[in-house]
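The values are calculated or read from the model by the stated rules, or taken from the named source; none is laboratory data. Fair warning: this is a prediction, and the values are worked out from it, not measured in the lab. FYI the Cβ positions are ideal-geometry reconstructions off the backbone, even for glycines, and counts take in every protein chain you see.
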Amino acid sequence: MLGSRARIHLNGWQQAAVAVGSAVGALLDPRRADLIAALGETTGKPAFERVLERMKRSPEGRAVLLDRPRVISEKVGHAWDLPSNTFGAAYASFMGSRNFSPDDRPPVRFMETDELAYVAMRAREVHDLWHTLFGLPTNLIGETALKVIEFEQMLLPMCVMSVVGGTARFSEKQRSLFYQDYFPWAIRAGMKSTDLMCIYYEKHFDEDLEDVRKKWGIIPAPQPHVAKSV
């Protein structure tokens, strides 16, 4: 549950301090999901407010806000039993092959209202669904490319910071691959796809993966000659 009891209310100075501290910490250790989450929340309120308003204007987005579905094991476990051609099975394969759990996302702590807290949590929880839809790996290049799409979809400042931080850690080979293949693709893919925060993904798990990609304007990621370690 996204109870208000778990959330922390900050004044402007406190919010700025948490944002700066989280940014520094995340740059020093990009594996700190809690710091990246805190950075996204403390810098992203206007962006999440815009997403919330878009969801309210969309019939499917309103259904998501009304039902508040969660992408957690208890709610999406049936995806593991779906036929192999389905979106749900592709998501289950993506998660299982990496030993990921839907329950690993950190809680929302710095949103002022229940609605905004849910939108922030939803954005966090659909991340792996977007990986599945776009066919992106979870290596440094794949995560950085997805942050480009997330920025185009939500205009979160944290996404820009993540792209800057990610590209700064690229090797020369990775940088060349990213800017030649992935960056232009991510710009185009983010612009062409539908409003991805207004989709009730769980109701489409049993549909064919390629069908939902076409329906939502998803352009799968390029599959260049890239070693797994890149």
*Just name the residue that is nearest to M197 (Cα to Cα) out of those in the stretch 144-158 that are part of a helix (DSSP H, G or I) and touching a residue at least 60 places away in the same chain (Cβ under 8 Å).*
M154
_Name the single residue that is farthest from I141 (Cα to Cα) among those in the stretch 179-217 being outside any helix (DSSP H, G or I) and among the hydroxyl-bearing types (S, T, Y)._
Y200
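Given the criteria modelled with pLDDT of 95 or more and surrounded by 13 or more Cβ atoms within 10 Å (Cβ to Cβ), does R109 qualify?
Judged against the criteria, R109 is not a match.
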*Just one of (1) among the small types (G, A, S); (2) closer than 22 Å to K45 by Cα; (3) within 12 Å of the chain's Cα centre (by Cα) trips up G190, so point out which.*
(3)
*Being among the polar types (S, T, N, Q) and in contact with a Gly (Cβ under 6 Å, 6 or more places away or on another chain) narrows it down to one of T194, T167, so name that one.*
T194
_Meets criteria (over 22 Å from R213 (Cα atoms) and either charged (D, E, K, R) or touching a His at 6+ places or on another chain (Cβ under 8 Å) (or both)) for E53_ = yes
*Can you confirm whether the stretch 118-137 contains a residue that is touching a residue at least 12 places away in the same chain (Cβ under 8 Å), surrounded by fewer than 17 Cβ atoms within 10 Å (Cβ to Cβ), among the hydroxyl-bearing types (S, T, Y) and touching a helix residue (DSSP H, G or I) at 6+ places or on another chain (Cβ under 9 Å)?*
no
